[in-house]
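S.K.: First the structure, which I've put down as structure tokens, then a few questions once you've had a look.
The values are calculated or read from the model by the stated rules, or taken from the named source; none is laboratory data. Predicted model, so just to flag it, every value in this text is computed and none were measured. Here Cβ is always computed from backbone atoms with ideal geometry, including for glycine, and neighbour counts include all displayed protein chains.
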Amino acid sequence: MADRTSPGSTPSSHHDRPDPVARLDDTAAALAALHEAFTGEEPLEEALRRIAETAARAVPDADAVTASLVTEDRPRTAATTDSRLADVDERQYRAGRGPSLDSARLLRTVRAATGEHRDQWPEFEAAAEEHCVRAYLSVPVVLPATDGDPERHIGSLNIYSFTASAFDPFDEGLLRLFTASAQAAITSARRWQHSRAQVQQLERALTSRAVIDQAKGVLMAVHSCTADEAFTKLVQQSQRENVKLRDVATNLLSTVRRA
């Protein structure tokens with residue numbers, strides 16, 4: 001990988017690009033490592049962080065990588081390899097315009113050098129110059145259709161460089177490989193999160209059932225009533241006090257233990 005220009009330094013007018021074959025080999029190796037490391041059992045932010053870090057290592061002149069999520073809520077940066085560059089994303093979110101948002105909304109790759117779009121994205125351009133960003137490349141991230149859900153875009157993968165001559169059409173192709181991996185990783189992460197949520201709901205339901213059964217047993221012993229009658233008493237108290245049935249049962253058991 002070529003030497004990188006640090007923030008605040010003056011980028012050279014000419015920058016040697018690695019051989020395309022070497023760049024492709026680096027990307028292929030990085031993607032292989034990514035798939036080996038990815039388990040599918042990690043939160044969305046962790047999956048995006050792993051992808052961002054892999055892209056930063058594999059794409060020449062990638063000095064920072066961020067992952068923007070553009071959903072129904074306010075856009076946000078879900079992962080970044082350099083927290084300072086998250087401010088460049090944030091300026092776009094507040095202004096409602098910028099290459100990251102355009103890439104996500106229009107489903108197209110955006111590649112340019114800083115200063116080329118001052119009229120179109122003044123807030124982004126100002127932030128990029130403040131953080132010494134000289135070039136940028138954003139590619140949309142689209143979730144494939146699964147389990148009856150239609151295909152939909154969720155954001156973009158953004159690469160920032162401190163080198164003015166960074167990124168070319170070949171880099172666009174490399175980054176598309178990463179977005180393909182990102183889409184697969186995000187889909188797996190979302191499925192895992194959905195499964196975990198279902199398991200947690202089941203665990204809560206089972207816990208509630210156990211507590212309610214214990215409370216019914218107490219009422220049956222105290223009032224010499226049937227299980228159905230004990231349950232009716234719990235339901236009536238729940239409705240009368242506007243308290244969840246599980247909480248009524250929990251409070252009853254606590255009172256018995258203190259007695």
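S.K.: Search region 51-103 for residues being acidic (Asp, Glu) and touching a helix residue (DSSP H, G or I) at 6+ places or on another chain (Cβ under 7 Å), and hand back the single one that is surrounded by the most Cβ atoms within 10 Å (Cβ to Cβ).
M.R.: Per the stated criteria, the residue is Asp89.
S.K.: Only residues that are among the acidic types (Asp, Glu) and modelled with pLDDT of 70 or more: list them for region 148-194, please. Walk me through how you get there before you give the answer.
M.R.: Of the residues in region 148-194, the ones among the acidic types (Asp, Glu) are 149, 151, 168, 171-172.
Of everything in region 148-194, those that are among the acidic types (Asp, Glu) and modelled with pLDDT of 70 or more turn out to be Asp168, Asp171, Glu172.
S.K.: Still on this structure, I have one more. Taking strands (runs of 3 or more DSSP E) that fall entirely within region 46-151, which contain at least 1 residues that are polar (S, T, N, Q) and in the same structural domain as Leu177 (by TED's automatic domain parsing)?
M.R.: 64-69, 76-80, 135-143
S.K.: Taking Ala221, is it over 22 Å from Glu90 (Cβ atoms), in a helix (DSSP H, G or I) and at pLDDT 85 or above?
M.R.: Taking the combined requirement at face value, the residue satisfies it.
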